[in-house]
1. Among the residues of the stretch 173-182, are any modelled with pLDDT under 95, surrounded by fewer than 16 Cβ atoms within 10 Å (Cβ to Cβ) and either touching a strand residue (DSSP E or B) at 6+ places or on another chain (Cβ under 8 Å) or part of a strand (DSSP E or B) (or both)?
2. Just give me the residues in the stretch 42-53 being among the polar types (S, T, N, Q) and surrounded by fewer than 16 Cβ atoms within 10 Å (Cβ to Cβ), in sequence order.
3. Given the conditions (1) in contact with a strand residue (DSSP E or B) (Cβ under 9 Å, 6 or more places away or on another chain); (2) modelled with pLDDT of 90 or more, which single one is not true for Tyr45?
4. Return yes or no: is Ala107 at pLDDT 90 or above, touching a Ser or Thr at 6+ places or on another chain (Cβ under 7 Å) and of a type in the set (Gly, Ala, Ser)?
5. Against the conditions (1) more than 22 Å from Ile96 (Cα to Cα); (2) out of contact with any Pro (no Cβ under 8 Å at 6 or more places or on another chain); (3) in a loop (DSSP other than H, G, I, E, B), where does Phe168 fall short? Just the number, please.
Amino acid sequence: MKTLKKTLSLSCCLLVLTPGWVWAQEKQEKKETLEQLVDRVQGFYEKIQDFSAQFEQRYLYKMFDRTQVSSGRVFFRKPALMRWDYEKPNKRSFLIAENQVLALDLAAMTLTKTSIDTDKLSAAVTFLWGRGNLKEEFHIGYAECKGCKEVRLELSPKKEEPRFQKLFLDVDPKTAQVMQSIVVDPDGSENRIRFFNWKENQNLKPEVFKLSVPDGTQFMDMTKATEARP
């Protein structure tokens, strides 16, 4: 597995000479440490009511070997409010509120409304709201991360997941906060999002989760098109 580091030849010799019960005990201790870290990550997001942060997103298109870099600000508030404001390279906003998604593209002057069942979202997203259980939905292990200040966790879905292959979380070992997430799509493309200037429990107002739509913006309601399907 990619999560395992290459072992030095000297270490291999030591393992061969070490009694089996010590190796078993070592594995158990590592497992308990991993479980404790995952529990702290889960607990960190369960205890906060809202947060905001700046983000940088790097999306690698596997097929074209091309990376698109974007940046902006993100806002979350329980029970299920989420807003992403992209500032570069193009200004656009995505808002999830209740069971609907609003996508505002300022360059194209369009506002699109679609529906979403937040109860069916993966724990890869809902744990940010303090919902969903990472250990119940994923096989979790350590992943190698050269030069990282954080600890990288690799999460593989226990059940078939058509939306992505796996998820990596770069976690601050002191705070258990996720500093970066990496989602690997079915085709091998990667969506990396790193968070900066994190602020939590600010009592974000409802107005934060309302979009300011310019006059002349074209509105497209895709929920009605979905409802009309047989």
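The values are calculated or read from the model by the stated rules, or taken from the named source; none is laboratory data. From a predicted model like this one, the values you see are computed outputs, not experimental measurements. In this analysis, Cβ positions are derived from the backbone assuming ideal geometry, glycine residues included, and neighbour counts consider all displayed protein chains.
1. Yes, the stretch 173-182 contains at least one residue that is modelled with pLDDT under 95, surrounded by fewer than 16 Cβ atoms within 10 Å (Cβ to Cβ) and either touching a strand residue (DSSP E or B) at 6+ places or on another chain (Cβ under 8 Å) or part of a strand (DSSP E or B) (or both).
2. Result: Gln49, single match.
3. (2)
4. no
5. If we test Phe168 against (1) more than 22 Å from Ile96 (Cα to Cα); (2) out of contact with any Pro (no Cβ under 8 Å at 6 or more places or on another chain); (3) in a loop (DSSP other than H, G, I, E, B), just (3) comes out false.
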